[in-house]
Amino acid sequence: MRSLNQRILLSASFVLLIFIVGTALTLDRAFYDSAQTALQDRMLGKLFLLMGEVEVDDDGNLSMPEELPALTEFEQLNSGVYAFVTDRKNTPVWKSFSTLSIPLPSRAILLEGERKFEQILLNDEPHFIYSFAVAWETDGGDYPFTFHVIIDSTSLEAQIDSYRRDLWGWLSMMGLLLLIMQMLVLGWGLRPVRQVSTELNAVEAGLQESVQGVYPVELKRITDNINSLIYHEREHQQRYRNALADLAHSLKTPLAILRGAIRTENLSATIKTVFDEQIDRMDNIIQYQLRRAATAGSSPGTRLIALRPVVEKIVNTVNRAHYEKDPQIAIEIAPEICLRMDEGDLMELLGNLIDNAFKWCRQTVAICAQYEYDDIVLKVADDGPGIKHEEIGRIIERGVRADQSMPGHGIGLAIVRDIAQAYEGALSIDPNRNSGASFIVRLKR
């Protein structure tokens with residue numbers, strides 16, 4: 001779907017286009033009718049002037065002066081203005097000198113007082129003809145004559161073409177000006193909407209905590225509700241984490257008391273073993289569920305975190321914990337690679353993977369990350385004893401360790417898997433029994 005600005009601009013432009021075209025067609029038609037009416041009046045005037053020069057005797061014979069000072073165009077060949085007069089039998093009784101260049105059109109007989117204006121073709125060229133039938137009164141009686149005036153339509157068409165060019169030119173300029181003004185007005189009117197969008201992007205990117213601008217009343221309720229939702233979600237998450245921390249602290253003491261009581265009480269070795277196993281199991285379950293529940297997951301407002309500095313920080317910390325090994329560390333992560341992820345979740349994920357690699361490595365640990373299309377692929381590899389294919393699915397389950405002699409709760413990889421899934425990613429293992437294993441985390445970019 002197009003943006004709101006584009007939708008309004010397109011719809012307004014469409015309406016403006018219809019308005020301009022409609023206006024142009026209306027003005028064009030009005031001008032054409034007006035020009036044609038003016039032409040009729042002009043031709044009727046010539047007819048009246050022509051009638052003023054005519055003389056009819058008592059026998060009904062029509063005569064015309066040799067010269068027509070007021071109608072000189074009738075005396076010029078190819079002047080584009082022609083005239084002729086017909087009697088009651090529709091026979092021409094007079095025609096102007098200019099008609100020598102055209103064939104006289106045949107016309108229908110008109111009744112006394114009838115007028116007729118129409119367009120005809122002469123020599124395949126458009127012309128207008130105006131006919132007026134009169135009854136000439138003489139002492140000998142009334143004699144009917146029909147006066148015809150013909151004008152070439154070229155001048156009218158040229159006038160109309162010129163008008164149309166000017167009309168469409170000015171309307172196009174006006175339409176363009178209105179479109180620019182419309183864009184400016186829309187830009188100003190929709191500025192608060194764009195500002196809201198910009199602020200929401202900043203909130204999503206973690207650059208600010210809420211929508212902070214001052215907005216019109218139409219948007220204020222929306223921005224207030226967005227801020228309320230953001231605050232409510234953060235408060236809920238904080239209360240949840242605080243409750244989990246309180247729960248962990250509350251359970252730690254009873255478990256420690258039980259473990260101490262087992263060692264001090266006079267119990268059989270079998271019972272002590274069973275109690276130890278069950279307490280360890282309870283401790284593993286509590287640790288796993290607490291870490292799993294504390295995973296923030298992907299949410300609006302999560303800021304981008306540069307990956308390499310976090311990896312280097314964790315490597316330095318884990319290296320001090322495994323100082324007796326002192327393996328060679330290879331970090332291949334470009335400085336521009338960033339993750340949109342909660343920092344605590346990222347520390348937990350990397351800490352488990354890197355600590356696991358230090359535990360199992362012999363001499364080297366390799367950590368690399370790169371972009372692949374819309375994903376970030378993070379790989380932590382070691383040169384340890386490797387993993388059997390049949391054990392891959394089992395070791396990422398909660399409480400399972402590949403080697404029971406190694407210390408730990410067996411929940412590290414399960415935590416990594418859950419964190420990756422919380423960010424719409426996945427954990428996979430590339431085993432090699434002879435040269436270690438690679439743990440691969442694929443996350444959305």
TODO: Enter the accessible area per residue of segment 4-141 (Å², integer; probe 1.4 Å; all protein chains in place).
DONE: 59
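Rounded to the nearest 20 Debye, what is the dipole magnitude of the chain about its Cα centre when Lys and Arg each give +1 and Asp and Glu each give -1 at the C-beta?
Values: 45 positive and 60 negative charges, 896 e Å.
In debye, rounded to 20, the chain gives about 4300.
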Task: Under Karplus coefficients 6.51, -1.76 and 1.60, residue-wise ³J(HN,Hα) of segment 84-90 in Hz, glycine/proline x - done: 7, 10, 10, 8, 5, 8, 6
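Solvent-accessible area per residue for segment 153-238 at a 1.4 Å probe radius, Å²?
Numbers: 6090 Å² over 86 residues.
Heavy-atom SASA per residue in segment 153-238 reads 71 Å².
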Task: Karplus-derived HN-Hα couplings along segment 163-177 (A = 6.51, B = -1.76, C = 1.60, θ = phi - 60°), whole Hz, x at Gly and Pro - done: 4, 5, 4, 5, 4, 5, x, 5, 5, 5, 5, 5, x, 4, 4
TODO: Please work out, to two decimal places, the log10 of the ratio I(q)/I(0) at q = 0.10, 0.13, 0.15, 0.22 Å⁻¹ from a Debye calculation in which every Cα of segment 145-268 carries one identical scatterer.
DONE: -0.71, -0.83, -0.92, -1.19
Task: Residues listed by number, segment 354-385, amide nitrogen under 19 Å from Gln328 label point at 7 Å toward C-beta - done: 357-369, 380-385
Task: Residue-span extension gain [Asn201 to Arg241] - 0.36 nm each, minus C-alpha spacing - done: 11.8 nm
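Which value, in Å³ per residue, describes the convex hull spanned by the Cα atoms of segment 64-111? Show your work: numbers first, answer last.
Numbers: hull volume 4.3 nm³, N = 48.
Per residue, the Cα convex hull of segment 64-111 comes to 90 Å³.
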TODO: Multiply the residue separation of Met347 and Asp224 by 0.36 nm, subtract the distance between their alpha-carbon atoms, and state the gained length in nm to one decimal.
DONE: 40.9 nm
TODO: Heavy atoms only, probe 1.4 Å: what % of the accessible area of the chain goes to carbon and sulfur, would you let me know?
DONE: 55
Open item on the list: P(r) for the chain, please, calculated from all Cα pair distances in 20 Å bins and given in %.
Closed with: 17, 25, 15, 11, 13, 13, 6, 1, 0
TODO: Specify the inter-centroid distance of segment 1-64 and segment 141-174, based on alpha-carbon positions, in whole Å.
DONE: 8
Open item on the list: I'd like the orientation of helix 343-360 relative to the chain: the angle between its Cα long axis and the longest Cα principal axis, in ° from 0 to 90, rounded to 10.
Closed with: 50
- [ ] Kindly provide the GluC sites (Glu not before Pro) of segment 1-76 that DSSP labels as loop, not H, G, I, E or B, and whose Cβ sees at most 13 other Cβ atoms within 10 Å.
- [x] Glu66, Glu67
Task: Radius of gyration and maximum dimension Dmax of segment 140-200, Cα, Å - done: 28.6, 101
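What number, rounded to the nearest 500 deg cm²/dmol, is the helix-based mean residue ellipticity at 222 nm of the chain, given -39500 (n - 2.57) per DSSP H run of at least four residues and division by all its residues? Working shown, then result.
Numbers: 9 runs with 222 residues, N = 445.
Taking each H run of at least 4 residues, the total per residue is -17500 deg cm²/dmol.
Can you sort Lys359, Lys46, Lys89, Lys388 by solvent-accessible area, 1.4 Å probe, largest first? All intermediate terms of the calculation are to be shown ahead of the outcome.
On the way: Lys359 55, Lys46 25, Lys89 155, Lys388 80 Å².
These residues rank, largest area first, as Lys89, Lys388, Lys359, Lys46.
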TODO: Name the residues whose placed amide hydrogens come within less than 5 Å of the amide hydrogen of Gly384, ignoring near sequence neighbours (fewer than 5 apart) on the same chain.
DONE: Arg362, Gly436, Ala437
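What are the chymotrypsin sites (Phe, Trp or Tyr not before Pro) within segment 318-376 that DSSP puts in a loop, where the Cβ has at most 16 other Cβ atoms within 10 Å? Each step should come with its number before you reach the end.
On the way: sites: Tyr323, Phe358, Trp360, Tyr371, Tyr373; in loops: Tyr323, Tyr373.
Qualifying residues, ordered by number: Tyr323, Tyr373.
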Task: Range of Cα positions in segment 1-57 per principal axis (Å), largest first - done: 86, 10, 6
- [ ] Could you pull out every residue, at least 5 positions away or on a different chain, whose amide H is within less than 5 Å of the one on Tyr143? Hs are placed 1.01 Å off N in the peptide plane, and Pro or chain starts have none.
- [x] Trp136, Glu137, Thr138
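The values are calculated or read from the model by the stated rules, or taken from the named source; none is laboratory data. On a predicted model such as this, the values are computed, not experimentally measured, just so you know. Here Cβ is always computed from backbone atoms with ideal geometry, including for glycine, and neighbour counts include all displayed protein chains. Protein only, heavy atoms only, side chains kept; ligands, DNA and RNA dropped before computing areas. Shrake-Rupley method; radii C 1.70, N 1.55, O 1.52, S 1.80 Å.
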